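Before any comments, here is the structure.
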Amino acid sequence: LWRLDLAELLSDFEALAVLDPITPNTREGVLAGELYEQIVLGMLDRYTDGQVRRGLGIRMRDAAERFDLAGAQMWTKRAAMNEIELDPQSAIASIDQLIVDARAQNQPTAELELMRAQTLAGLGQTRTAFEALSALSTRIDTTGNHTSTYWQAWALMLETIVDAGSQGDKADAVRHIARLELIDPNLGGSPWRQRIIAARQTLH
């Protein structure tokens, strides 16, 4: 308990350092996790340096898992988004874990799969990204629930084909765009419509 009392007297990184050693899965651990989250949220409001914010996000992700916070998955996702800029290869592993956790809890994974494909594309793994996007869009097609995620996946997939697709891929893409217009003449609205139309103009 003395660590909790001391942490409340300290601030920022000093307070976090005092809370880190507290044993999880105890009454003190529960209180430490809640206080840890409050401190990090306050720091994120004040610190503007990108490197510091990314470091805080990763530190909070680890603490949320350690103290079994209700928002642990949210912190993991937030850290993964920061890692995409700093260390995209490491971000892939974080996103994969998020997908595993979401499936275990019967939660949707479409947004996470899209994030993973975007990261792969940024790493230059265009074929793997294309295959992931294709599988995602096909699965969404079977539900008939064409959300923003669906249109974003198609916009990214078509842009990938424009940049690195074979002639066969490009011919198929033109046919797919015609099919997309039957699903929604507005192609999902802005900004996906503009991106899909730009891809079609390039393909033609």
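The values are calculated or read from the model by the stated rules, or taken from the named source; none is laboratory data. Because the structure is predicted, anything quoted here is derived from the model rather than measured. Note that we place each Cβ from the backbone using ideal geometry, even for glycine, and neighbour counts take in every protein chain shown. These accessible areas exclude ligands, DNA and RNA; they are computed on the full protein's heavy atoms, side chains included. Shrake-Rupley method; radii C 1.70, N 1.55, O 1.52, S 1.80 Å.
Results, tabulated for the structure shown:
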quantity: Considering residues of segment 102-118 that are over 24 Å from residue 187 (Cβ atoms) and in a helix (DSSP H, G or I) only, the residue modelled with the lowest pLDDT; calculated: 102
quantity: Any hit, segment 1-21, residues being over 24 Å from residue 74 (Cβ atoms) and among the basic types (Lys, Arg); calculated: yes
quantity: Tally, over segment 75-92, of residues that are small (Gly, Ala, Ser) and open to solvent by 50 Å² or more (accessible area, probe 1.4 Å); calculated: 0
quantity: The listed residue being surrounded by fewer than 17 Cβ atoms within 10 Å (Cβ to Cβ) and among the aliphatic types (A, V, I, L, M), out of 173, 178, 155, 132; calculated: 178
quantity: Cross-chain or 6+ apart pairs with Cβ under 9 Å, segment 124-139 first and over 13 Å from residue 153 (Cα atoms), then not in a helix (DSSP H, G or I); calculated: 126/165
quantity: Candidates 16, 4 - the one that is farther than 13 Å from residue 68 by Cα, assigned to a helix (DSSP H, G or I) and at pLDDT below 85; calculated: 4
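Yes or no, residue by residue, for (1) in a helix (DSSP H, G or I); (2) open to solvent by less than 20 Å² (accessible area, probe 1.4 Å); (3) over 21 Å from residue 99 (Cβ atoms):
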site: 8; (1), (2), (3): yes, no, yes
site: 37; (1), (2), (3): yes, no, yes
site: 48; (1), (2), (3): no, no, yes
site: 51; (1), (2), (3): yes, no, yes
site: 55; (1), (2), (3): yes, no, yes
site: 60; (1), (2), (3): yes, yes, no
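Results for (1) in contact with a Lys or Arg (Cβ under 9 Å, 6 or more places away or on another chain); (2) closer than 24 Å to residue 156 by Cβ; (3) among the β-branched types (Val, Ile, Thr), shown as yes or no for each residue.
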residue	(1), (2), (3)
40	yes, no, yes
53	no, no, no
56	no, no, no
61	yes, no, no
71	no, no, no
78	yes, yes, no
107	no, yes, no
110	yes, yes, no
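Residue-wise test of (1) in contact (Cβ under 8 Å) with a residue 12 or more places away in the chain; (2) over 9 Å from the mean Cα position of the chain (by Cα); (3) within 29 Å of residue 20 (Cβ to Cβ).
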| residue | (1), (2), (3) |
| --- | --- |
| 61 | yes, yes, yes |
| 77 | yes, no, yes |
| 80 | yes, no, yes |
| 85 | yes, yes, yes |
| 120 | yes, yes, no |
